[in-house]
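See structure below.
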Amino acid sequence: MSEMLRYDPEDPRWTAYLLGELEAEERTRCEALLERDAAARAEIEALRETLESVQRELRTELAEAPRLDRAPLVAALKPTAPRSGRLFFYLLAAAALVLAAGSILWDQSQSRDLAPAHEALVRREALVPAEVPMRSPAPVLAESSLAAKASASAPAPGAVGSYRVRAVAQEPDALRALGYVSQDADGILLQESAGTETYAGLPENPFVDVARERLSTFSIDVDTASYTNVRRYLEMGQDPPRDAVRLEELVNYFEYDDPAPRGDVPFHVALEMARCPWKSGHHLVRIGLQGRVIPRDQRPASNLVFLIDVSGSMQNPNKLPIVQRSLALLVEELDARDRVAIVTYAGSTGLVLPSTSCGERRAIFEAIERLGAGGSTNGAAGIQLAYETAREHWIAGGSNRVILCTDGDFNVGITDPNALVELVRTKAAGGIFLTALGFGMGNLKDATLEKLADQGNGFYGYVDDMREARKLFVNELTGTLVAIAKDVKIQVDFAPEQVRSFRLLGYENRALAHKDFADDTKDAGEIGAGHDVTALYEVELKAPAFLGVGPEALRVRLRWKEPTGDASRLIEQSLLVSDTKFSAASENLRFGASVALFGMLLRGSAHAGGGTYATVQELASDAIGTDAHGERRAFLELLKRKLR
Amino acid sequence: MTRPRPSEPELRVCLERHERALLLHARSILGDAERARDVVQETMLQWLRGGPSESDPGCAAWLFRVCRNAALDVLRKERRMSSLDDLALAERAATEPPPEAALDHAERRRMLKELLALLSEKQREALRLKFQAELSYREIAEVMGVTVNHVGVLLHEALRKLRDCTSARAAKELLS
């Protein structure tokens, strides 16, 4: 307004002046002009009156405006959350079966005939409830009837490379229907409650007096769901429910730097003892299993495009959240040569994740995390977008595949079913296969999915719970994920002369009866290629070791089977008493201990001694190591939420 | 790193602050309350999935931009079938039934609508974004995809037109 010598009613700055949008200098000029120009003053007053009445009217309208329905939005806050005991049951139950899928895969690589693999799975599932004493009369179907059902419902393989899987769920349906009670893989009852999350009661392991009980027997657990769940809670600014915190899953979430196995034992066992940082006079024992890494060059690279239905009906806890979990699980198994892209449809259509190397897991996980069901807008050409993305990132000699995840909504952009089938057929001929995965019940368009998969040279999986999801995702999609050992059991034999008492940190729901250790019919966890598994004990020694090292404190026995074997093998390793200072212990022990303490504090454990979140920070920040995927640093970030 | 998913309190604060203005904004573009609700619902879902934090100063502009684009998308799809121009839109907005409120309310609301119908679509939108969403010129520019200067022109011309009309109306009333 440097040239504002006289009033110009068309100058938009007058309105800006009235709305307080002018910088101080210009405002002063305006005021100066109004001061000396009465006509301008009158005009601006009239303008102000208009402005104020419009403002008043618009604000009244605003005050009376309708509001949104809160419920769907509040529900959408936690799309990845286990919403009920039911879902949590799936997560728990999945642990024992993660690698069952791996072994099935192995079977498949031997033969395209699915039947033996199917029976293997059924047999395994039938055995699960026997692993831990049952607390309820849950119906357990006879093995033979299950197998019969399974084979009856699995149609004969069609064209080469095209078959359908339809396993029978063996959940205690009747029980659930009657009393809202479901059961996890270990036979622990879960009480479902509407709208709130319910977790299996998980009393922590006590200190065991070695004079009365020198053995400790448990199955390994490679699951990590608890850490993810705990992280979700903390990021929401809430403490997780105590029973959602499972120490072993927290500790095993992270990678450790144990030596690779040599010889014909598929895993390396590392044993170590050092002083306990939270309880003076106590010691920690670390057992670290490092699974053999299958050379990456023996596995074809994968170029996967997930085409995910995010319509409102997918919001159901056993639909989209299971898709998300499964995807995360799969990505965990892939590496930098593999690519994953995500296209959504039927809610918001789009390339949610451009084809991304699995070396950038973080970006992929974030995209998975962001997937939310909602909206009902008809998607644009979701399926073409998926195929285009797959084509653009074509891997010669690799597995190029579109994976459709839906509960039956086919608004993929092509409404004519024949045109859709034709598209899928054409693309399959061009080398991009389609896998169709149906989720949830009720809305599933069974025949259509089946037809699509047939035409797409893919397979059709029907996923009604997390176990199925894991089996199908890990089995077919990782292509070459191989279990290197199955039914891995650990038995620790403490020397009563040296150890007064011990406490196993975590693995509460993995406990085995001592007699089942050598019983090859008793199922246990599997180790996949490259997996590492850590178990920590807190022990009370009878006498401190002389000069730092003493006699044998304990003996670790490990039983496992080859992935297709029936007979277990045994190895044994012993550990001497050692009074190593905590700070002199390996990074593996130090970081693992910090995570375990973190879990104990979250659980309000009676055994956390003098440990605090500050202790966790101190211990963890000293043991970051190489941290190739940034997970330990992220842990420190997460920890800050508890330090504020 | 994306920010953590909003907490429920954050969602509630965000809704409290913006939902009604968003609904009115969407309704003024779409002409009906039902589709406006769908669009705003979708906007909020998008925000939950990855919008700026509620305390972020850019949050309001982000919400209105997303909402506007979603509403225009809906319109564009319709236009393929029945071509709608600004005039038709103005008519739709003007003929929208008044809310069920007290009579004088309804009367004033009718007058407001009549007056707003005299403006161009963009002028109306800028007014709503100013007085209902309480956005700054810069934010309005961001939402509407125009320059800050143009926002100033839109608002100034809108107010001048309204002033002229109201004074004409007042004069008419005086004469009658």
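For the range B:7-30, residues that are farther than 16 Å from A:ALA71 by Cβ and at pLDDT 85 or above total 12. Residues in the range B:38-53 that are facing another protein chain (nearest Cβ under 10 Å) and not β-branched (Val, Ile, Thr): B:ASP38, B:GLN41, B:GLU42, B:MET44, B:LEU45, B:GLN46, B:TRP47, B:LEU48, B:ARG49, B:GLY50.
All of (1) surrounded by fewer than 15 Cβ atoms within 10 Å (Cβ to Cβ); (2) of a type outside the set (Val, Ile, Thr); (3) part of a loop (DSSP other than H, G, I, E, B) hold for A:GLU618 with one exception: (3).
Scanning the range A:232-254 for residues being of a type in the set (Asp, Glu) and within 16 Å of the chain's Cα centre (by Cα) gives a total of 3. Selection within the range A:41-59: residues that are facing chain B (nearest Cβ under 7 Å) and not charged (D, E, K, R). The member of this set that is nearest to A:GLU235 (Cα to Cα) is A:LEU58.
Conditions tested, residue by residue: (1) at pLDDT below 85; (2) under 22 Å from A:ALA46 (Cα atoms); (3) at the interface with chain A (Cβ under 8 Å from one of its Cβ atoms).
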site: B:ALA90; (1), (2), (3): yes, no, no
site: B:ALA94; (1), (2), (3): yes, no, no
site: B:ALA102; (1), (2), (3): yes, no, no
site: B:LEU112; (1), (2), (3): yes, yes, yes
site: B:ARG124; (1), (2), (3): no, yes, no
site: B:GLY145; (1), (2), (3): no, no, no
site: B:SER167; (1), (2), (3): yes, yes, yes
site: B:LEU174; (1), (2), (3): yes, yes, no
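The single residue among B:ARG17, B:ARG35, B:ARG65 that is more than 9 Å from every other protein chain (Cβ to nearest Cβ), in contact with a Gly (Cβ under 9 Å, 6 or more places away or on another chain) and surrounded by fewer than 21 Cβ atoms within 10 Å (Cβ to Cβ) turns out to be B:ARG65.
In this structure, A:LEU68 does not satisfy being in a helix (DSSP H, G or I) and either within 7 Å of chain B (Cβ to nearest Cβ) or surrounded by fewer than 16 Cβ atoms within 10 Å (Cβ to Cβ) (or both). I'd like to know if the range A:590-602 contains one or more residues that are outside any helix (DSSP H, G or I) and crowded, with 18+ Cβ neighbours inside 10 Å. No, the conditions are met nowhere in the range A:590-602. The single condition from (1) within 14 Å of chain B (Cβ to nearest Cβ); (2) more than 21 Å from A:ALA623 (Cα to Cα) that A:ARG231 fails is (2). Please state which of the following conditions A:VAL577 fails to meet, knowing it meets all the rest: (1) of a type in the set (A, V, I, L, M, F, W, C); (2) touching a strand residue (DSSP E or B) at 6+ places or on another chain (Cβ under 8 Å); (3) modelled with pLDDT of 95 or more. Going through the list (1) of a type in the set (A, V, I, L, M, F, W, C); (2) touching a strand residue (DSSP E or B) at 6+ places or on another chain (Cβ under 8 Å); (3) modelled with pLDDT of 95 or more, A:VAL577 breaks only (3). B:LEU119 meets the conditions (1) more than 18 Å from B:PHE64 (Cβ to Cβ); (2) assigned to a helix (DSSP H, G or I); (3) at pLDDT 60 or above; (4) more than 9 Å from chain A (Cβ to nearest Cβ) in every case but one. The failed one is (2). The sole residue among A:LEU62, A:LEU18 that is buried (at least 18 other Cβ atoms within 10 Å of the Cβ) and either within 14 Å of another protein chain (Cβ to nearest Cβ) or without any contact (Cβ under 8 Å) to a residue 24 or more places away in the chain (or both) is A:LEU18.
Taking the condition modelled with pLDDT under 90 and under 27 Å from A:VAL499 (Cβ atoms), does A:ASP627 pass? Here the answer is no, as A:ASP627 does not meet what is asked.
When B:PRO4 is tested against (1) modelled with pLDDT of 85 or more; (2) within 13 Å of chain A (Cβ to nearest Cβ), only condition (1) is not met.
Looking at the range A:556-568, is at least one residue of a type in the set (D, E, K, R), assigned by TED's automatic domain parsing to the domain that holds A:VAL269 and either touching a residue at least 40 places away in the same chain (Cβ under 8 Å) or touching an Asp or Glu at 6+ places or on another chain (Cβ under 7 Å) (or both)? No, because not a single residue in the range A:556-568 is of a type in the set (D, E, K, R), assigned by TED's automatic domain parsing to the domain that holds A:VAL269 and either touching a residue at least 40 places away in the same chain (Cβ under 8 Å) or touching an Asp or Glu at 6+ places or on another chain (Cβ under 7 Å) (or both).
The values are calculated or read from the model by the stated rules, or taken from the named source; none is laboratory data. The structure presented is a predicted model; accordingly, all values stated were derived computationally and were not measured. Here Cβ is always computed from backbone atoms with ideal geometry, including for glycine, and neighbour counts include all displayed protein chains.
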